[in-house]
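Q: I have a structure here, written as structure tokens, and I will follow up with some questions on it.
The values are calculated or read from the model by the stated rules, or taken from the named source; none is laboratory data. In this text, all values refer to a predicted model and were calculated from it rather than measured experimentally. When we count neighbours, we look across all protein chains shown, and the Cβ atoms used for this are built from the backbone with ideal geometry, even at glycine.
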Amino acid sequence: MHTPWNDLWSRVEAALVRERAAAVDFRHDLHRHPELSRQEHRTTARLAEALADLPVRIRRGKDGLGLIVDAGPDAPTRVCLRADIDALALDEQSGVAFPSEHPGVMHACGHDVHTSVVLAATRALVTGAPEVPLRFLFQPAEEATPGGSIDLIAAGAVEGVSHVLTVHCDPTRPLGHVGLQAGALTAAVDVFEVTLRGNGGHGARPHETQDLVLVGCEAVQALYHGLDRGVDARKPLVISVGVFRAGRSSANVIPAEVFFSGTIRTTDREVRDAVPAMLERVLGGIAAIWQVKYELVLTRGAPAVVNDPAIVEALRQACTDVVGAGNIEPTGLPSMGGEDFAWYLDHVPGALLRLGTGLGAPLHSTRFAADDGAIDVGARILANAALRLSRTGSASQ
């Protein structure tokens, strides 16, 4: 028999109040000690320490990084909350009072906030609702391709999970506001690497070479122009080259090898599946024209995040309880950014909430900063939604 909702939520709410200060302190500690993808040893240890006094069952992920935490009684299914714990290779210029102590590394995507949100929700749910079966994931390497979600899934993270929820910092929304809607939220992101090889030579005699710099430039332009002309114009496809390397030492030497790499992003599964053949066709055509050799390596990254409508409804009711219906805003057109939370959604239904962190510098900026108040807002929303879904398997009470 279910505990009455008001009693259950009031117990968890009281526990959340008790966790506020500790969650903020934990966030500040993580922010001072950021760790790059697949290097999150200290962060994992700090999380294990923060959970040591709770009656939970903890498993570590691959190479001891990240945690899978089960709470409550044994049950055939349990609702899951997920946080990502890694940082980015950037020099912090945010001006916060607790800056990174590690030059060249900072929490520029708000993962310190995400981790503290889920930690506060974990502690409040375990102490306030011990009868509810739940799982909590603290995932490494979200910023890597392929992401750390794949490693946690291989370790059993989604076995016996009915729903999975997460939040992501959103500096375009004020504190106390959230972005939420069903359907596609982010893009699938794949990484391509192209190496062109041919005859190099002296810059004074380009006719004796295959001028790989020229060929490389034409290949990039051909990809930019050719890929989007091969798909339905109503379906987004974004290609961006971020690395182009040619030559190493001398201005008068035409190199015999050129390398470039970039990303391809789309929210449409059919478009994504068509991209490999399109890449081969364009690159093969350029290589044939210039009589050079090419090598293509395509790494599949995270698929698109597609929010499940029923879970969005549970989050909507939770947000109404916590921030009020007037502060729930549609997310609008999907972001073409990637988020490896999507890998979980290949296994179980779930949803991602955009959490307002105060208007400021964008994500992945050296100036990014988030208001500590977002931790309590996010923890309250996730805890409320997890209880709703645990009780009924849907959004309704």
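Yes/no matrix, rows are residues, columns are (1) buried (at least 19 other Cβ atoms within 10 Å of the Cβ); (2) assigned to a helix (DSSP H, G or I); (3) in contact with a strand residue (DSSP E or B) (Cβ under 8 Å, 6 or more places away or on another chain):
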residue: E218; (1), (2), (3): no, yes, no
residue: Q221; (1), (2), (3): no, yes, no
residue: G242; (1), (2), (3): no, no, yes
residue: D273; (1), (2), (3): no, yes, no
residue: M278; (1), (2), (3): yes, yes, no
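Q: Looking only at residues in the range 75-100 that are small (G, A, S) and either in contact with a Gly (Cβ under 9 Å, 6 or more places away or on another chain) or surrounded by fewer than 20 Cβ atoms within 10 Å (Cβ to Cβ) (or both), which one is farthest from A15 (Cα to Cα)?
A: First, the residues of the range 75-100 that are small (G, A, S): 75, 83, 87, 89, 94-95, 97, 100.
Narrowing the set further to residues that are either in contact with a Gly (Cβ under 9 Å, 6 or more places away or on another chain) or surrounded by fewer than 20 Cβ atoms within 10 Å (Cβ to Cβ) (or both) leaves 75, 89, 94-95, 97.
Numbers: A75: 23, A89: 35, S94: 31, G95: 32, A97: 27 Å.
Of everything passing the filter in the range 75-100, A89 is farthest from A15 (Cα to Cα).
Q: Something else: Take V178 and decide whether it is modelled with pLDDT of 95 or more, surrounded by 24 or more Cβ atoms within 10 Å (Cβ to Cβ) and not basic (K, R).
A: Values: modelled with pLDDT of 95 or more: yes; surrounded by 24 or more Cβ atoms within 10 Å (Cβ to Cβ): yes; not basic (K, R): yes.
Taking the combined requirement at face value, the residue satisfies it.
Q: Give just the number: which of (1) of a type in the set (V, I, T); (2) over 18 Å from R197 (Cβ atoms); (3) surrounded by 14 or more Cβ atoms within 10 Å (Cβ to Cβ) does V292 not satisfy?
A: (2)
Q: Go through the range 77-112 and give me each residue that's within 30 Å of G156 (Cβ to Cβ), out of contact with any helix residue (DSSP H, G or I) (no Cβ under 6 Å at 6 or more places or on another chain) and not in a loop (DSSP other than H, G, I, E, B).
A: Of everything in the range 77-112, those that are within 30 Å of G156 (Cβ to Cβ), out of contact with any helix residue (DSSP H, G or I) (no Cβ under 6 Å at 6 or more places or on another chain) and not in a loop (DSSP other than H, G, I, E, B) turn out to be R78, C80, R82, L88, H111.
Q: Which residues, taken from the range 143-175, are within 15 Å of R38 (Cα to Cα) and buried (at least 24 other Cβ atoms within 10 Å of the Cβ)?
A: G147, G148, S149, L152
Q: When you scan the range 11-22, do you find a residue that is assigned by TED's automatic domain parsing to the domain that holds E339 and within 17 Å of F138 (Cβ to Cβ), even just one? Full working, then the answer.
A: Our first condition is that a residue be assigned by TED's automatic domain parsing to the domain that holds E339; within the range 11-22, this holds for 11-22.
If we keep only those that are within 17 Å of F138 (Cβ to Cβ) as well, we get 19, 22.
Within the range 11-22 (the criterion being assigned by TED's automatic domain parsing to the domain that holds E339 and within 17 Å of F138 (Cβ to Cβ)), the answer is yes, since at least one residue qualifies.
Q: Can we say V161 is among the aliphatic types (A, V, I, L, M) and over 22 Å from the mean Cα position of the chain (by Cα)? Working first, answer last.
A: Working: among the aliphatic types (A, V, I, L, M): yes; over 22 Å from the mean Cα position of the chain (by Cα): no.
So V161 does not fit the description; no.
Q: Determine, yes or no, whether P99 is in contact with a Ser or Thr (Cβ under 8 Å, 6 or more places away or on another chain) and within 22 Å of H364 (Cβ to Cβ).
A: Details: in contact with a Ser or Thr (Cβ under 8 Å, 6 or more places away or on another chain): no; within 22 Å of H364 (Cβ to Cβ): yes.
So P99 does not fit the description; no.
Q: Here's another thing I want to ask about it. Against the conditions (1) at pLDDT 95 or above; (2) not in a helix (DSSP H, G or I), where does A251 fall short? Just the number, please.
A: (1)
Q: Let me ask something else about it. Kindly evaluate E193 against the criterion of being of a type in the set (D, E, K, R), in the same structural domain as I328 (by TED's automatic domain parsing) and modelled with pLDDT of 95 or more.
A: Working: of a type in the set (D, E, K, R): yes; in the same structural domain as I328 (by TED's automatic domain parsing): no; modelled with pLDDT of 95 or more: yes.
No; evaluated as a whole, the condition is false for this residue.
Q: Turning to a different aspect of this structure: Only one residue in V69, V56 is among the β-branched types (V, I, T), modelled with pLDDT of 95 or more and within 23 Å of H168 (Cβ to Cβ). Which one? Break it down stepwise before answering.
A: On the way: V56 fails: within 23 Å of H168 (Cβ to Cβ).
Sole residue among the options that is among the β-branched types (V, I, T), modelled with pLDDT of 95 or more and within 23 Å of H168 (Cβ to Cβ): V69.
Q: I'd like to verify a number: residues in the range 254-271 that are touching a residue at least 60 places away in the same chain (Cβ under 8 Å) and either outside any helix (DSSP H, G or I) or surrounded by 20 or more Cβ atoms within 10 Å (Cβ to Cβ) (or both), how many? Let's see the steps before the verdict.
A: The initial filter retains those residues of the range 254-271 that are touching a residue at least 60 places away in the same chain (Cβ under 8 Å), namely 257-267, 269.
With either outside any helix (DSSP H, G or I) or surrounded by 20 or more Cβ atoms within 10 Å (Cβ to Cβ) (or both) added as a condition, the list becomes 257-267.
Of the residues in the range 254-271, 11 are touching a residue at least 60 places away in the same chain (Cβ under 8 Å) and either outside any helix (DSSP H, G or I) or surrounded by 20 or more Cβ atoms within 10 Å (Cβ to Cβ) (or both).
Q: Being crowded, with 21+ Cβ neighbours inside 10 Å, in the same structural domain as T127 (by TED's automatic domain parsing) and within 18 Å of F136 (Cα to Cα) narrows it down to one residue among G72, G61; which is it? Can you show your working first?
A: On the way: G72 fails: crowded, with 21+ Cβ neighbours inside 10 Å.
After ruling out the rest, the residue left standing is G61.
Q: Now for a separate question. Of these, L363, L352, which one is aliphatic (A, V, I, L, M), closer than 23 Å to D86 by Cβ, assigned by TED's automatic domain parsing to the domain that holds P99 and not in a loop (DSSP other than H, G, I, E, B)?
A: Numbers: L363 fails: not in a loop (DSSP other than H, G, I, E, B).
Residue meeting the stated conditions: L352.
Q: Being small (G, A, S), in a helix (DSSP H, G or I) and more than 14 Å from R380 (Cβ to Cβ): is that true of G337 here? Working first, answer last.
A: Working: small (G, A, S): yes; in a helix (DSSP H, G or I): no; more than 14 Å from R380 (Cβ to Cβ): yes.
Answer is no for this residue.
Q: Looking at (1) modelled with pLDDT of 95 or more; (2) under 30 Å from A369 (Cβ atoms); (3) in a loop (DSSP other than H, G, I, E, B), which is the one condition that is false for P146?
A: Result: P146 passes all but (1).
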